[in-house]
1. Mind checking which residues of segment 118-143 are farther than 26 Å from ILE23 by Cα and of a type in the set (A, V, I, L, M, F, W, C)?
2. Does GLY260 count as surrounded by fewer than 15 Cβ atoms within 10 Å (Cβ to Cβ), touching a helix residue (DSSP H, G or I) at 6+ places or on another chain (Cβ under 7 Å) and not in a strand (DSSP E or B)?
3. Residue by residue through segment 111-159, note down the ones that are among the charged types (D, E, K, R) and touching a helix residue (DSSP H, G or I) at 6+ places or on another chain (Cβ under 7 Å).
4. Being free of Cβ contacts under 8 Å to residues at least 60 places away in the same chain and within 15 Å of the ligand (Cβ to nearest atom) is the filter here; which residues of segment 187-214 pass it?
5. Tell me which residues, restricted to segment 136-149, are open to solvent by 50 Å² or more (accessible area, probe 1.4 Å) and either under 16 Å from ILE89 (Cα atoms) or within 11 Å of the ligand (Cβ to nearest atom) (or both).
6. Give just the number: which of (1) over 18 Å from the mean Cα position of the chain (by Cα); (2) in contact (Cβ under 8 Å) with a residue 40 or more places away in the chain; (3) more than 27 Å from ARG197 (Cβ to Cβ) does ALA107 not satisfy?
7. Scanning segment 162-221 for residues that are loosely packed, with under 14 Cβ neighbours inside 10 Å and within 22 Å of ILE147 (Cα to Cα), which turns out nearest to the chain's Cα centre (by Cα)?
8. Can you go through LEU164, LEU146, LEU132 and tell me which one is out of contact with any strand residue (DSSP E or B) (no Cβ under 6 Å at 6 or more places or on another chain) and under 27 Å from GLY263 (Cβ atoms)?
Amino acid sequence: MQVDLLAGTAYRSAGLALRTPTILVFDSGLGGLTVLSRTMQAHAGAHVVYAADDAGFPYGRLRENDLVARVLSVMERLVARFHPDLVVIACNTASTLVLPALRARFAIPFVGTVPAIKPAAAATRSGLISVLATPGTVARDYTRGLIESYAGGCEVTLVGSTRLAGLAEAALKGDPVDDDAILAEIGPCFVARAGTRTDVVTLSCTHYPLLLERLKRLAPWPVDWIDPAPAIARRVTQLLGAPAPQTGSGSSEALAVFTGGVGLTGPLRIALAGYGLAQVVIEPMPLAS
Ligand code: DGL
């Protein structure tokens, strides 16, 4: 099926002068919407495609070799179809593993989303920080490397949540999600000992900021919740350049692509439209069993 991307905005950067770039924002599911919003705010005139590999969701349960193969094959299809100028991997579970393989395979820039351990270490006053992520992300060598490089003076608690990404998707679809279920997932992030306690939690799965207001409300005590989305949007601007100011605010509509589409209910379509994703297509790519 041919899909027309919406009219866009000329860019100033040398490589993209007078051309509207296409930005592909990719996640296993709906979590990348938190990154999409910031990216669309910063690049309102760009062509934006949001790709959800929902047929592969959740990535947090996949073996590392399987995840690398899956992301490479889905990306082959998406790059051939949309010819992006830049791809945002709005998924920590994929970024902490697959970025080297993606950069070796494709000659386009990839912006990854990885646990914000350096900013967390800079922000903490108590020295106790927690990384809330999928089981895949907390198990990665890459994540351990970030801790060794940037959080040497901190005590870092890694919390691998099996359910929170799914709960965030359910909440976005308008399904009931119990406070207790959320609290059970975030509880281990809160460590209190010897008169001090955790004061920073880095949201190292892009799904989790979808629940931010509830996380704040349910937290046993107030902490700084670090959402990496603004930093990702800044990195996109560094690489693409800023949109030319004379072209105005441009479009804030984008195209959504799903690899499965099974969960595309009416309420989800309404939620997607709220993110500027009124146009939704399915690019079927079943997960090999
Ligand atoms: N949104 C993804 C991330 O940032 C993970 C969700 C999943 O397990 O697929 O890690």
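1. Selection gives ALA120, ALA121, ALA122, ALA123, LEU128, ILE129, VAL131, LEU132, VAL138, ALA139.
2. No, not satisfied.
3. Of segment 111-159, the ones among the charged types (D, E, K, R) are 118, 125, 140-141, 144, 148, 155.
Correct list: LYS118, ARG140.
4. Correct list: LEU211, LEU212.
5. The one that is open to solvent by 50 Å² or more (accessible area, probe 1.4 Å) and either under 16 Å from ILE89 (Cα atoms) or within 11 Å of the ligand (Cβ to nearest atom) (or both): TYR142.
6. (2)
7. Of everything passing the filter in segment 162-221, THR162 is nearest to the chain's Cα centre (by Cα).
8. Details: LEU146 fails: under 27 Å from GLY263 (Cβ atoms); LEU132 fails: out of contact with any strand residue (DSSP E or B) (no Cβ under 6 Å at 6 or more places or on another chain).
After ruling out the rest, the residue left standing is LEU164.
The values are calculated or read from the model by the stated rules, or taken from the named source; none is laboratory data. Keep in mind that what you see is a predicted model, and the values were worked out from it rather than measured. Glycine gets a Cβ as well: all are built from the backbone with ideal geometry, and neighbour counts include every protein chain shown. These area figures cover heavy atoms from the full protein model, side chains too; ligands, DNA and RNA do not enter into them. Shrake-Rupley method; radii C 1.70, N 1.55, O 1.52, S 1.80 Å.
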